[in-house]
Structure formats: C-alpha cells, structure tokens
Amino acid sequence: CIRDRGNPVVVDVKKFGWWWRSVKINDSRIVRANIGASNGVIHEINSVLDPDYMEPMTILELAASMPETFGTLAELVEIAGLTKVLDSDYVNLTLFAPTNDAFADLPTEVVEDLVSNPRELRKVLLYHLLYGEFFKADLSTGEVRTIARQTVDVVVGEDGSVTVNDSNVISADNDASNGVVHVIDAVLVPEMPKSLTDVIVENEELETLEIALTAAGLANFFDSTHPFPKYTIFGPNNAAFAPFSEEELAALLEDTDTLGDILKFHVVPGQYLAADLRDGQSLHTLTGAKLTVSIDDDGTVMINNAKVIQADVMASNGVVHVIDTVIVPSA
C-alpha cells in the first residue's frame, strides 16, 4: 500500500513471464508508465482513483465473509481442497454460488455422501466454476463449459432473468479480485462421470470381480474418470468364479501376485468396443500375453474360451465386456 494523507492505495503487480507485467493502482490499470518530468515521474492510469476504494476480496474471502449465505459452500470448498483455487489472483473465475438454503434443499444423504467423498465433492463444486470472468451482461443463452469439463445450460430471459440448469441467479455480478460470483438458489448437480471401477461396483453380477480387484490392489488403478489412458476389461461375472471352491478362491485372494496376473490377463490397453472386435484378432493384455477373439456366424463373441454376455459397459476411462468364464493364462 502507498498512503497519501492517510488514504491508502493498493498497488497490485502481476508478472507474466520475465518480460511483461501488469500494474494496478486500486482498480485502475497503468496504461503508460514512466513519463519523466524534472520533478518526478507520471504513470498514466485508465480511471480516476476513488478515495473510498476498498480492495476487492477474492472469491473465497467473499464467501467466507458471508457465513449466513455461503457458510455451507465455504465449508465444502475446504473439504474438497479447493481453497487455493478460489483464493488465487492468477486465474479469473466465474462462480455460480449456491446459498446455504440451496444446499439444505438437497437430501441429507446426498450431502453426507459428498462430505465423505472429497473426490466426488470436488467434481460437483468444479461444475459450478467457469474459467474466465463472465458478468451478467456477458452471459447468453446456450451451453457453457465448466471447469469440470461438463456443460451447464444458461438461459437469459427477455426480462433479464438468468437460469443455470434448474437454478435461478438471484444476485448477479458480485465482483471479486479474481473473478465474479453469481448467487444461485439451487445446487448444480452434474452427471457424474464413471470410472471402470465405478461401473464394476455398480454391477451386481460383478461383485466377485470387485472383491478380486480390491484384493489385488487394482481397484484404485482403474478408478479414474480422466479420459486417458483407456482400458478394455473383459470382466468375469459372479458365475464365472463358481468352478473355484471356497478354499481355492480364498487362497487366490491371499496370493495377490497370482491374482493380479490373472486379472491383468483380462485387461487390454486401449478401448475396444464390440464393433472394434473381429474374428481372429489378437489383443495384447497388461501381462504381455495375448487374448484371441473369435466371432461365429451368429455374432457370438468369444475371448479365448470365455463368452461375452454383455458388451460395451461404458466408463470415462474405457469399457467393460462381461464374460462368463475366468480366463486363466497358460503356464
């Protein structure tokens, strides 16, 4: 800060690389610097300085300063590990900020699930954020891509009203030092992307496979919603494990090295949909060994000696084809 007769001005310097920087005095920007004079120097700015100027808060500080409105949001931002994102002046953001009442309208179990799962909570909160500073006048009807890599539907009415998906903007253009906040009356709930692990966990016919992946330490490996890398899993259903006795299955779950090799023999790097498979095709698995595809005249698809009974169960990071037999690699 620089003071003149007790009134401070705030100098904000941002560097971009080693050769260019931006300098602001309060909310005015220096547009021409170092104009020399015999008794000093002049910096030309683009607006008149207001003696009552107050330095704007960051988006995070703005939310934290109004606990009666944004207390729940501020708490969830901290749980999700997004405090640095909303408190940084290096990237301008637009936040559609749900009120405390908006979160209270969600089913209690939904909020509890989000609080207990920071990863999913982070996805939901990022769905409320846009890269860039978009004031109400900048918004137009159409789809807008969020930081969560999913779109929201913005509708600007003739009366000036703005809706985002099923929520209403009830207070627009709350300016922050790193962007703008639009207050909304409902939480935006994205269609949650699913990982390969997610789709296996959700399929009751793959419960034994889920247990095996967890025991082998592979469940986390496939639990990514990032689109790359992709994998194709030929997943044995519960009945496929029936030939194993309880003792054999228990021993296999204990022998994680052998179990891991068997499971990796069911996984192919890359995404192969049913339409991509062809008769006689060889697929290299994560073990380096090959699987052979055979397709008969009826369109039945076999992977070695296992029949595909459900194809193309899609995930963000690949696809699962459910098969009826555990494929054991030859010695």
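The values are calculated or read from the model by the stated rules, or taken from the named source; none is laboratory data. Computed from a prediction, not measured in an experiment: that's the story for all the values here. In this analysis, Cβ positions are derived from the backbone assuming ideal geometry, glycine residues included, and neighbour counts consider all displayed protein chains. Protein only, heavy atoms only, side chains kept; ligands, DNA and RNA dropped before computing areas. Shrake-Rupley method; radii C 1.70, N 1.55, O 1.52, S 1.80 Å.
Contact order, relative form, for the chain: 12 percent (alpha carbon pairs under 8 Å, 6 or more residues apart, mean separation divided by residue count). Using a probe radius of 1.4 angstrom, the carbon and sulfur fraction of the accessible surface of the chain is 51%.
With only the Cα atoms considered, the stretch 126-237 has a convex hull volume of 145 Å³ per residue.
Taking one quarter of the surface of the convex hull spanned by the alpha-carbon atoms of the stretch 247-314 gives a direction-averaged projected area of 5.6 nm². Rounded, prolate or oblate: which one fits the stretch 83-175, using the alpha carbon gyration tensor with axes a ≥ b ≥ c (rounded when a/c is under 1.5, else prolate when a/b beats b/c, else oblate)? Oblate, since a/c reaches 1.5 and b/c is not below a/b.
Shape index of the stretch 285-331: Rg/Rh, with Rg the Cα radius of gyration and Rh the Kirkwood radius from the inverse mean 1/r over Cα pairs, equals 0.99. Averaged per residue, the chain has 57 square angstrom of accessible surface, using a 1.4 angstrom probe with ligands and nucleic acids left out. Here is the list for the stretch 109-170: chymotrypsin sites (Phe, Trp or Tyr not before Pro) lying in DSSP coil, each with at most 14 other C-beta atoms within 10 angstrom of its C-beta, are 135.
Taken over the C-alpha atoms, the stretch 195-331 has Rg and Dmax values of 13.9, 41 angstrom. When Rg and the Kirkwood Rh are both derived from Cα coordinates, the Rg/Rh ratio for the stretch 137-180 amounts to 0.97. What are the GluC sites (Glu not before Pro) within the stretch 182-218 that DSSP puts in a loop, where the Cβ has at most 15 other Cβ atoms within 10 Å? Answer in residue order: 191. From the Kirkwood radius over Cα pairs of the stretch 2-146, Stokes-Einstein at 37 °C and 0.692 mPa s returns a whole-number translational diffusion coefficient of 178 µm²/s.
Per residue, the convex hull spanned by the alpha carbons of the chain comes to 221 Å³.
Placing one equal scatterer on every Cα of the stretch 183-230 and applying the Debye formula, the log10 ratio I(q)/I(0) at q = 0.15, 0.30, 0.31 Å⁻¹ is -0.49, -1.11, -1.14.
State, to one decimal in nm, how far the label point of residue 145 lies from the label point of residue 12, with both points 7 Å from Cα in the Cβ direction. Calculated label separation equals 2.6 nm. Projected onto planes of every orientation and averaged, the convex hull of the alpha-carbon atoms in the stretch 230-277 covers 4.1 nm². Rounded to the nearest 500, the helix-only mean residue ellipticity at 222 nm of the chain stands at -6500 deg cm²/dmol, with each DSSP H run of n ≥ 4 adding -39,500 (n - 2.57).
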